[in-house]
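Please treat every number below as a calculation from the coordinates, not as lab data. Being a predicted model, the structure only gives us computed values, none of them experimental. A quick note on method: Cβ atoms are made from the backbone with ideal geometry, for glycine too, and the neighbour counts reach across all protein chains shown.
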Amino acid sequence: DAMVIQNPRYQVTQFGKPVTLSCSQTLNHNVMYWYQQKSSQAPKLLFHYYDKDFNNEADTPDNFQSRRPNTSFCFLDIRSPGLGDAAMYLCATSSSGTSGGAGELFFGEGSRLTVL
Amino acid sequence: AQTVTQSQPEMSVQEAETVTLSCTYDTSESDYYLFWYKQPPSRQMILVIRQEAYKQQNATENRFSVNFQKAAKSFSLKISDSQLGDAAMYFCAYRGAGNNRKLIWGLGTSLAVNP
């Protein structure tokens, strides 16, 4: 089945120790998103890629970076995690809305980050 | 700017009964899409149902249906014959048409299903 896979599902890191979360997709969608979600809150968009075009949200901290080496993969790098970065990180994909269609998002299962 | 409001932080329903979750939104756009997403505890966010604004007919997916009132900017979700597996956080979301690829999310409604 086509899907969005996130690894690792659970990540424990120490304060200030860099961490990388990965996302892969077999849906061949050209748009990929990274969201941060804290407990019982709505997802907060960090950034998204439209093909290779990177789009950063204005309020995304510089501590967060992303890479998309190809259509299938996208990475979230947190350079110096703080306690406030503990959250669920969701990767999602969609087909481009420019060609019509609702462009609904397909999500991975998430990576839960704990910062000690 | 577009906004999405879910006025019910928590709701509960008895198994096999019907429940309606409310969502209102604000936009000046005429063409857009609306979604309901479901996120069970510690599980994946999945799309429940979507509605294109240009369609007058309300979307239906099995036990899930919406009441889309474009003039009132209202988009409620009705769950019929509620099941224990329906217990989840439900998010209403809006996306403008065209090049806009970002969703505007409501704060969510936590639905409990009582046996």
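Excluding residues fewer than 8 places away in the same chain, name every one of the lysines whose C-alpha is closer than 23 Å to that of B:Lys70.
Correct list for B:Lys70: B:Lys38, B:Lys55, B:Lys78, B:Lys102.
Using the charge dipole of chain A (Lys, Arg: +1 at Cβ; Asp, Glu: -1 at Cβ; taken about the Cα centre), state which of A:His48, A:Cys91, A:Ser80 has its Cα farthest towards the positive end.
A:Ser80
With viscosity set to 0.890 mPa s and temperature to 25 °C, compute the Stokes-Einstein D of the range B:1-98, Rh being the Kirkwood radius across alpha carbon pairs; µm²/s, no decimals.
After rounding, the answer is 177 µm²/s.
Whole percent per 10 Å bin, from 0 to the bin with the longest distance: what is P(r) over all C-alpha pairs of the range A:51-95?
Calculated P(r), rounded to whole percents: 20, 57, 22, 1.
What does the convex hull of the alpha-carbon atoms of chain A project to on average, in nm²?
One quarter of the hull surface, i.e. the mean projection, equals 7.2 nm².
For the protein assembly as shown, state the semi-axes of the equivalent ellipsoid (square roots of 5 times the eigenvalues of the alpha-carbon gyration tensor), sorted largest first and rounded to whole angstrom.
30, 21, 16
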